[in-house]
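Read through the structure below, which is laid out as structure tokens, and then see the notes.
Every number here is computed from the coordinates shown, using simple stated rules; none is lab data. On a predicted model such as this, the values are computed, not experimentally measured, just so you know. Positions of Cβ are generated from backbone atoms using ideal geometry, with glycine treated the same way; all protein chains shown enter the neighbour counts.
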Amino acid sequence: MRNLIETFWKNTHLAHGYELVSTPHVANLELWKTSGHNDFYRDSMFDTMEVEEQTYQLKPMNCPFHILIFKDVLHSYREFPLRMAELGTVYRFERSGTLHGLMRVRGFTQDDAHIFCTSTQIKDEILGVLNLAEFILSTFGFEQYEVNLSTRPEKYVGENAIWEQATTALRQALDAKGWDYVVDEGGGAFYGPKIDIKIEDAIGRRWQCSTIQVDFNLPERFDLEYVGEDGNRHRPIMIHRALFGSLERFFGILVENYAGDFPLWLAPVQARLIPVSDEHLPHAMAIAAQMKVAGLRVQVDQSGDRMAKQIRRAELEKIPVMAIIGAKEVESETLSIRSRQHGELGSMGVSTVIEKMQLVVSERGWF
Ligand SMILES: [Zn+2]
């Protein structure tokens, strides 16, 4: 499932104009001094390590690495917006008492991205992120959102005018999207305004997932520049955004939302083949091999248990498709299909079952 979620995420980001990057898990402490994390975020970071008389730090965030990639060459405004995405694993110190299943862990993977753009591009970029968030979250069954816009706090960095411009752009993007949102006046970070999206699961619980954050601080600390239309050097706008938040936590929410009863494209085991007796086992194994070649996730129940017990077990495990194989099915090259959603579907040819399952997977539906 992790692999499916990651593949979907990567393909979706490539289709939406992001470049995929990959960055290290440790860096010289100097990087975290420049970024300011060493001063302001020390309590959430793991202890440093000494390597050949240099001090290294396990990464609590991906941002500084993406900044280094950005800085590798001098960019022109023509290349903007520049969108860099990574499924980046980060490590944060959490006290053992605060750890909680998949919801709060010490090492987790952010579906992180950073957008570098001009101030006039903020609105369109934010709107693009809102649309992408909606597409990705709704694909996993989340259709209800609670949206917050947090504005300038009392202590802040950056010019007043740019705060005003960015906050207006965030409002305009939310208005263009047509979403209701609540304004948290003064609730922004010291380095920029942000939008938070909470999703609602099947039983009405709300979970904070997506964050879209404008940052006036890091471009300053790292002295980021691009060449503008006037030929002069300018400071780019940096936007941080994560849609799932953490993959581990999102997976936890996903299990809760579906109560373990996953649509066919996500189900870890899509079909269980149930031989009526041991003599039908070799035939079941051959069909399973055929279905695996077709890209389906299939298991054969090899327990030797009575058929009723095998069916009961597959039901308890919430497997979407059960295929029963007895003498009649071996003879006629068919499968007797039971769908978790629709009950008995009767006898079907093996290739019909494969095609039907592939179609449902491609539509991300229920078998
Ligand atoms: Zn970031």
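Couple of notes before you dig in:
- Longest exposed-site-free window of the chain, the sites being GluC sites (Glu not before Pro) in a DSSP loop that have at most 16 other C-beta atoms within 10 Å: 230-316
- Residues in the stretch 328-367 reached by a label modelled at D305 [backbone nitrogen below 20 Å; 7 Å Cα→Cβ]: 336-341, 343-344
- Sequence-separation-based contact order of the stretch 6-146, relative, with Cα cut under 8 Å and 6+ spacing, percent: 23
- Within the chain, percent of DSSP bridges classed antiparallel, to nearest 5: 80
- R0 of 30 Å, Cβ-Cβ distance T168-D43: FRET efficiency to nearest 0.05: 0.30
- Part-to-part distance (alpha-carbon centres) for the stretch 347-367 and the stretch 167-205, which is given in Å: 40
- E19-Q290 FRET efficiency (beta carbon distance; Förster radius 45 Å; 0.05 resolution): 0.70
- Computed label-point distance, nm, for sites K328 and E6 using a 7 Å Cα→Cβ extension: 4.4
- Take every Cα pair under 8 Å whose residues are at least 6 apart in sequence, average their separation, divide by the length of the chain, and the relative contact order is 13 percent.
- Percentage, to the nearest whole number, of Cα pairs in the stretch 138-262 over 23 Å apart: 43
- Hydrodynamic analysis of the chain uses the Kirkwood radius over alpha carbon pairs. Inserted into Stokes-Einstein at 10 °C and 1.306 mPa s, it gives a translational diffusion coefficient of 68 µm²/s.
- The stretch 327-367 shape via C-alpha gyration tensor axes, a/c threshold 1.5: oblate
- Each residue of the stretch 318-329 is assigned a 3J(HN,Hα), and the resulting list reads 6, 7, x, 10, 10, 10, 9, 10, x, 4, 4, 5 Hz, derived from the Karplus form 6.51 cos²θ - 1.76 cosθ + 1.60 (θ = phi - 60°), x at Gly and Pro.
- Nearby lysines by direct alpha-carbon distance to K309 (threshold 24 angstrom, same-chain neighbours under 8 apart not counted): K318, K328
- Distribution of pairwise C-alpha distances over the stretch 4-105, 10 Å bins, in %: 13, 35, 33, 18, 2
- Nearby lysines by direct alpha-carbon distance to K177 (threshold 27 angstrom, same-chain neighbours under 8 apart not counted): K10, K123, K194, K198
- Applying the Karplus relation 6.51 cos²θ - 1.76 cosθ + 1.60 with θ = phi - 60° to the stretch 284-300 yields 3J(HN,Hα) values of 4, 4, 5, 5, 4, 4, 5, 5, 5, 4, 7, x, 9, 9, 10, 10, 10 Hz, where x marks Gly and Pro.
- Free of any trypsin sites (Lys or Arg not before Pro) that DSSP assigns to a loop and that have at most 11 other C-beta atoms within 10 Å, the longest stretch within the chain is 156-305.
- Antiparallel %, DSSP beta bridges [both residues in the stretch 271-362], to 5: 55
- Restricted to Cα atoms, the stretch 159-220 shows a radius of gyration and a Dmax of 13.4, 44 angstrom.
- Candidate aspartates and glutamates - alpha carbon under 20 Å from K356, same-chain residues fewer than 8 apart omitted: D261, E329, E333, E344
- Over the stretch 220-365: Rg over Rh, Cα atoms, Kirkwood Rh: 1.31
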